[in-house]
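Read the structure below first, then the notes.
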Amino acid sequence: MNRLPQKEILAALDQAHDGFMISDPQSRVLYFNKAYAHFTRLEGFLQIGSRITELHRQGLVPSASCMEAATRGVSVSQIHFTAKKRSAIVSASTPFFDEEGRVIRVVTNVRDVSELIGLKDQMEEVQNIIAHLSQEVNQNQEIQRQGVVAASQAMQAVLCVAESVATVDANVLIQGESGVGKEAVAQFIHHYSLRRDKPFLAVNCGAIPENLIESELFGYTDGTFTGQLKGGKRGLIHAAEGGTLLLDEVGDMPLPLQVKLLRFLDSKTYLPLGASRPVSADVRIISATKRDLEQMVREGTFREDLYYRLNVVNLLVPALRERREDIIPLVLYFLAEANLKYHMKKIIPPFVLSALYQYDWLGNVREVRNVVERMVIMSPGQSCELPPGFFEEKGERVHSVCKSEVVPWRDYMAQQEKAYLIHAYHKCGTTRKTAEILGIDHSTLIRKMKRHGISAIK
């Protein structure tokens, strides 16, 4: 078996990322590589023949594992922090013995573990954040109100407007992408209205055939058409009497029906199919759509007068990717919901939460509920796992931080820390109260906010 020459071994050690030093029993330096001098901050001081004991006496070396290893004849490991704990170095010294058991050499290996220690601290921090959010989702009514999770400022602003218009019967138009929670916001309005004890009904205008939607809304009398129910049928407007009717995807409503809806909004009366007398109804109309109604008005596919009648108050529910502070609370909310539904006690580990946080959720809140429920059902153990092929299936829908490549953990954690600090600060109102709630020093909070470019209100 061929052995490497000593020169080649030393040349290889010189290129190593870890620091290496060989010393004798008197702690004289016999060899060291560049990494060792760099990690120990001894460039310019360390030379072949230098005594570690002398460097220690001069205060250049706070402690030296090689001295202890030579004296005690055992392997010694130590961790050293530089000024202000900006970096951490682990040293491990191993003695080598002659045939008589005397120490003849000590090999010291040093490694920078700052990133690992930082990662540990960050993991502890994110776990604290998750625990805090879990408590808030379960207990804090400002985050979870009537089934609407609103940790972000954007959603809290939506709920603020919704609550303010709830007690008046003004028509409300809720806009937003599919799955953002438009119906949940409509239910929120109904709950805080004077109509809360009356029915809340919803109809998807795009899911009912054009020839049937009129009869579904307004009903019909006996003998109106073949195949009808005996005695006729009362429509959804009648069924919602005294309460609230949500017209979901109102942009899909046929033009002829738009005329009849406008008449009802103006007069609070409607004419069932086959009837000769109008019927009055006390129903609040809330409409919702993912379509651009203004553009449809310009194109002539939606009546301008109806648009302005529906759009007395406009609520835009932002997409989930535009309010990332809501992702983790939503995941935890639906986790609790699924656990209760299926009589389970599943948990979601931090690395899975990280993956869910990075995902763009084009299906919005509806997709979050689906994925979380799927994880709870399909994960074999207590810890929830990502659905098989999650990233493969949704590769084009992963947030920019992980579309092209995996970002360093510290970069992701910085993003998450910034988002949570913004949430906590705006929730608490002052930096001192925020620091107290988070359990950190006020100066630490100010430093973190400054690092992330978060402006404090004076």
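The values are calculated or read from the model by the stated rules, or taken from the named source; none is laboratory data. Note that the coordinates shown come from a computational prediction; the quantities given were computed from them, not determined experimentally. A quick note on method: Cβ atoms are made from the backbone with ideal geometry, for glycine too, and the neighbour counts reach across all protein chains shown.
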For this session: Might you let me know whether the stretch 302-312 holds any residue that is part of a helix (DSSP H, G or I), touching a residue at least 40 places away in the same chain (Cβ under 8 Å) and surrounded by fewer than 17 Cβ atoms within 10 Å (Cβ to Cβ)?
Result: yes
Seminar exercise, completed: Log entry, pairs with first residue in the stretch 280-297 being closer than 21 Å to GLY243 by Cβ, second being among the hydroxyl-bearing types (Ser, Thr, Tyr), beta carbons closer than 7 Å, six or more apart or on different chains, reads SER280/THR269; ALA281/TYR270; ARG284/THR244; ILE286/THR244
For this session: Return the only residue of VAL352, VAL376, VAL398, VAL406 being farther than 16 Å from LEU320 by Cβ and at pLDDT below 70.
Result: VAL406
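What strands (runs of 3 or more DSSP E), lying completely within the stretch 29-118, carry at least 1 residues that are modelled with pLDDT of 85 or more and closer than 21 Å to ALA16 by Cα? Show your work before the answer.
On the way: elements: 29-32, 76-81, 88-97, 103-112.
Of the strands (runs of 3 or more DSSP E) lying wholly inside the stretch 29-118, those with at least 1 residues that are modelled with pLDDT of 85 or more and closer than 21 Å to ALA16 by Cα span 29-32, 88-97, 103-112.
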Exercise. In the stretch 21-49, how many are surrounded by 18 or more Cβ atoms within 10 Å (Cβ to Cβ) and not aliphatic (A, V, I, L, M)?
Worked result: 7
For this session: Tell me, yes or no, whether the stretch 66-73 has at least one residue that is within 17 Å of ALA92 (Cβ to Cβ), within 46 Å of the chain's Cα centre (by Cα) and in contact (Cβ under 8 Å) with a residue 12 or more places away in the chain.
Result: no
For this session: Would you check which residues across the stretch 337-356 are surrounded by fewer than 19 Cβ atoms within 10 Å (Cβ to Cβ) and either closer than 28 Å to LYS290 by Cβ or among the aromatic types (Phe, Trp, Tyr) (or both) and list them?
Result: GLU337, LYS341, TYR342, PHE351, ALA355
Exercise. In the stretch 316-365, what count of residues is obtained for those that are closer than 14 Å to ALA150 by Cα and either hydroxyl-bearing (Ser, Thr, Tyr) or in a helix (DSSP H, G or I) (or both)?
Worked result: 16
Exercise. Restricting attention to the stretch 25-41, does a residue exist that is among the aromatic types (Phe, Trp, Tyr) and farther than 14 Å from THR108 by Cβ?
Worked result: no
For this session: Considering only residues that are among the hydrophobic types (A, V, I, L, M, F, W, C) and touching a helix residue (DSSP H, G or I) at 6+ places or on another chain (Cβ under 8 Å), look in the stretch 307-325 and name the one that is nearest to LYS260 (Cα to Cα).
Result: LEU310
Seminar exercise, completed: For the stretch 42-54, the count of residues that are in contact with a strand residue (DSSP E or B) (Cβ under 9 Å, 6 or more places away or on another chain) and not hydroxyl-bearing (Ser, Thr, Tyr) equals 7
